[in-house]
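In what follows, a structure is listed as structure tokens, so that the remarks can point back to it.
The values are calculated or read from the model by the stated rules, or taken from the named source; none is laboratory data. Values in this document were obtained by computation on a predicted structure and should not be read as measured data. Cβ coordinates were reconstructed from backbone atoms using ideal geometry, including for glycine residues, and neighbour counts include every protein chain displayed. Note: areas computed on protein heavy atoms with side chains; ligands, DNA, RNA excluded. Shrake-Rupley method; radii C 1.70, N 1.55, O 1.52, S 1.80 Å.
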Amino acid sequence: MNLFPAQSEDDVQALPRPFRENFAGAMRGMVEAGAPEGTDPSLVDRYTEKMGSARQPAGLHSLEGLVRWDLDAALREVAQPVALFVVRSIIAKEAIERYGDRIRIELVDLGSRHFPVESPAETTKLLAGEL
């Protein structure tokens, strides 16, 4: 929830600061935050290495764009239903309270926030069920 809804200009400047100072280190923190308790540490290491190796400044610009993105405004423009698959153990109660009336939130137990990579067959079943 620290990226949604739209951020103040002060927050837009502050949130990416750790990534500007130490991209790989800040990326580790982000990966760890998306890893439920009990996640294999080698997965955290692999995801951190992969995400932390983003070519710069492209990786930083991508994060800055994400910080500037306004989910509330995007949802106002969407006509069709939105389904969100999210890891049960890491979803914030505030996210459900804020977006539960606009997004169908499906809680899953398929790994970390990178579950499509960790559990591709199960993720495919979730997506096929949406179609």
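Residues of the stretch 64-83 that are open to solvent by 70 Å² or more (accessible area, probe 1.4 Å) and in contact with a strand residue (DSSP E or B) (Cβ under 8 Å, 6 or more places away or on another chain): PRO81 alone.
Mind telling me which of the residues ARG46, ARG28 ends up being among the basic types (Lys, Arg), in a helix (DSSP H, G or I) and in contact (Cβ under 8 Å) with a residue 12 or more places away in the chain? Before you say what the answer is, go through the steps one by one.
Values: ARG46 fails: in contact (Cβ under 8 Å) with a residue 12 or more places away in the chain.
When all the criteria are applied, what remains is ARG28.
The set of residues in the stretch 10-57 that are exposed (fewer than 12 other Cβ atoms within 10 Å of the Cβ) and among the acidic types (Asp, Glu) comprises ASP10, GLU21, GLU37. Every condition in (1) of a type in the set (A, V, I, L, M, F, W, C); (2) touching a Gly at 6+ places or on another chain (Cβ under 9 Å); (3) closer than 24 Å to GLU118 by Cα holds for PHE19 except the one numbered (3).
Condition check ((1) more than 18 Å from the chain's Cα centre (by Cα); (2) within 17 Å of MET30 (Cα to Cα); (3) in contact (Cβ under 8 Å) with a residue 40 or more places away in the chain) across all residues:
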site: PRO81; (1), (2), (3): yes, no, no
site: VAL87; (1), (2), (3): no, yes, yes
site: GLY100; (1), (2), (3): no, no, no
site: VAL108; (1), (2), (3): no, no, no
site: GLY111; (1), (2), (3): no, yes, yes
site: HIS114; (1), (2), (3): no, yes, yes
site: GLU118; (1), (2), (3): no, no, yes
